[in-house]
Amino acid sequence: MSIPFADEAVLLRMTAPTRENFDLPVHDIGLRDAPPRVALVAGLHGNELNGVFVLARLASFLQQVASGGRDGAELLGRVLVIPAVNGLGLNVRSRGWPFDGTDVNRMFPGYDRGETTQRIAAAVLAATDAAHFRIDLHSSNVDFEELPQVRLFEPTDVERDAARWLGLPAVIERPITPTLTTTLAHAWRTRGGRGLVIQAGHAGSLQPVHCERLFRALMDFLERAGVLAGVRLAEPEEEVHSFGPRQSFPMIAEHAGWFVSRLEVGQWLQAGDLVGYVYDGFRGDLSAEIRSPVSGLLSGIRRQPLLCEGDLVARILVRDTLTAMPDTYLMGHGQ
Amino acid sequence: MQRRRETFFSLALPYRERLALERAVFTGGDGPRIALVSGIHGDELEGLFVCHRIAARLEELAERQPGALLGSVELYPALNPLGLDTLERSVPIYDVDLNRAFPGHAEGLLPQRLADAAMRSLDGAALVIDIHASNVYLREIPQVRIARGFQGRLVPLARAMNLDLIWLHEASTVLEHTIAHSLNARGTPCLVVEMGVGMRVTPAFAEQVVMGILHVAQRLGVLDTGLKLEELTRTPLVADDGNVHYLNAETSGLFVPCVEHWSAVRSGELLGRIVSPLAGETLSEVLAPCDGMLFTLREYPLVYEGSLLARLMEVAR
């Protein structure tokens, strides 16, 4: 399949049953005489707003640079930016494709004669396939906040290095599960080349602090990838910590009720530190103090106060490899 | 014959209530046990009705010929009770497909705990039958779907299930998290039955499948071979990925079929039209690509470009 960018940056045009026809637009910035150096994708899930907002803002900035509107800044390569793959989902605030509830990020590699979301997936993959670097941006679900982080799935050394260019506080390696074989990141991986996944914040709303950090990270990345020059960033680079597949500790609730925590993601915890309290839903009594059983970086915290037995409360990244650990982190929902 | 109804797993919800999984167990002796599972998807109700009909047949048997039950029959009608109670396909709150959470984990997240509880309960059964009802969009003829890797053990059982179709499909990595794959991989045979449509029950399909389940139970020694059962009414066609045609919508609109589900169609025959709700025009005519049996037909009329309209098994004339 060729990249259909002749005159308009539209990847796919589709009809709709009762409303206007719709399309899947892309910002195609920079000279088009070579394959894209970087492809940036967000909004595979319509309720993950941080990535969509950051990519829309970044596209605006890059368009200004490309048109000479930013003194001293220069665009040296071609960049593709798709702020939202699931545009209808975004408009109605739905994670999945609203018509049939399918998860667009479980439809890859897609099929251009198949179901609606398979066609969308095929168009996104075809457009981004030739890019030298590709990044897929996500938030967690609406209940759980993630520290801005890079996720790698059985990566190459090139991907490990590229992940650090973003300067985000954590780079986490994870195994590939059967479910993940239908994601965009996996489709990129099987076709060769370099792909990264970013997780930041939680779905359903915008967290400006995470957005600013993401914006800065992507600017750094574009500079390191040789696409952008002459942009000075005020903030110094942060220390980047890398964590392997068995250095992620999920804290699972054994009590139900109200969960209340004052912690912020990105804090370092000592074993025994307080993570939060659980109160009985009806009686209001304190049911449990939740304390971290390990020392490490708090990479995720529950923001939904209503807690079921078996809910994820927090995720802590540890320096040493864990020996006995439930494999529950494989159920990570956001991506 | 003993009958008991019990909660085999529960966990606490935030406010006062518990999420409980229930089963009904009919035991006649030490013989083998079979289990029916349904309601993994909260919008699929056909299997709940099959469980009811099997319970009714066993209760009747308890009155008439109690010695005919040599083993056990276990009914798990609602593995996703929150989804069923709130009309949601996935596990509410989590928005996770329970049939992608197997084999689960006892100390994992809520859907994994449900999956683990089911796996532990079903372990060692002579046969598990997992009954699905398609989704709200598509109507399916009673059929069993079998991954190639398990066909040797499962096809002979499936042939006795009084179904219209056996569909052999290639293994798919993403399906490794289903209950059927998890059970089959651990040595407990599991048949996946698809029938009817979401949010509805189709009594005629249920009676057809109930008859098949009783025959299979007899074949496995759960029911006495001396028990007289009605004769099977169906001999299944066998479909595979090579003779199944998918018909996807060429454009968006309202799909109105003009043939009956499970009819024999001729190549080029008009199966339905996609029409515009804003004008009198027909936007697309849907034609049969070959001679065959229409085993899937769209029930929900609104379609987007790409929506599945029908599946046809090619059958030579």
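The values are calculated or read from the model by the stated rules, or taken from the named source; none is laboratory data. The structure displayed is predicted, hence computed values, not measured ones. Positions of Cβ are generated from backbone atoms using ideal geometry, with glycine treated the same way; all protein chains shown enter the neighbour counts.
On the given criteria, is B:Glu107 in contact with a helix residue (DSSP H, G or I) (Cβ under 8 Å, 6 or more places away or on another chain) and free of Cβ contacts under 8 Å to residues at least 24 places away in the same chain?
For B:Glu107, the condition - in contact with a helix residue (DSSP H, G or I) (Cβ under 8 Å, 6 or more places away or on another chain) and free of Cβ contacts under 8 Å to residues at least 24 places away in the same chain - is met.
For (1) within 14 Å of chain B (Cβ to nearest Cβ); (2) in contact with a Pro (Cβ under 6 Å, 6 or more places away or on another chain); (3) surrounded by 20 or more Cβ atoms within 10 Å (Cβ to Cβ); (4) not aromatic (Phe, Trp, Tyr), each residue gets a yes or a no:
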{"position": "A:Gln247", "(1), (2), (3), (4)": "no, no, yes, yes"}
{"position": "A:Leu263", "(1), (2), (3), (4)": "no, no, no, yes"}
{"position": "A:Asp273", "(1), (2), (3), (4)": "no, no, no, yes"}
{"position": "A:Pro293", "(1), (2), (3), (4)": "yes, no, no, yes"}
{"position": "A:Gln304", "(1), (2), (3), (4)": "yes, no, no, yes"}
Considering every residue within the range A:22-35, establish whether at least one is within 14 Å of another protein chain (Cβ to nearest Cβ) and free of Cβ contacts under 8 Å to residues at least 24 places away in the same chain. yes
I need every pair where a residue in the range A:298-313 that is within 8 Å of A:Gly257 (Cα to Cα) has its Cβ under 6 Å from the Cβ of a residue that is acidic (Asp, Glu), sequence separation at least 6 or different chains. none
Quick check, is B:Leu79 at pLDDT 95 or above, assigned to a loop (DSSP other than H, G, I, E, B) and away from chain A (no Cβ under 14 Å)? yes
Considering the range B:198-211 alone, what residues qualify as being crowded, with 16+ Cβ neighbours inside 10 Å and out of contact with any helix residue (DSSP H, G or I) (no Cβ under 9 Å at 6 or more places or on another chain)? B:Met199, B:Gln208, B:Met211
Matching entry among B:Val128, B:Val144 (being of a type in the set (A, V, I, L, M, F, W, C), assigned to a strand (DSSP E or B) and under 30 Å from B:Pro301 (Cβ atoms)): B:Val144
Output the residue which, of all residues in the range B:244-256 that are within 15 Å of B:Leu283 (Cβ to Cβ) and not hydrophobic (A, V, I, L, M, F, W, C), is farthest from the other protein chains (Cβ to nearest Cβ). B:Glu250
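When you scan the range B:40-57, do you find a residue that is in contact with a Cys (Cβ under 9 Å, 6 or more places away or on another chain) and within 19 Å of B:Thr7 (Cβ to Cβ), even just one?
No.
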Expected single match for surrounded by fewer than 17 Cβ atoms within 10 Å (Cβ to Cβ), in contact with a helix residue (DSSP H, G or I) (Cβ under 6 Å, 6 or more places away or on another chain) and not β-branched (Val, Ile, Thr) among A:Arg194, A:Arg224, A:Arg232 is A:Arg224
Selection from the range B:82-96 of residues that are within 13 Å of chain A (Cβ to nearest Cβ), of a type in the set (D, E, K, R) and surrounded by fewer than 20 Cβ atoms within 10 Å (Cβ to Cβ): B:Glu88, B:Asp95
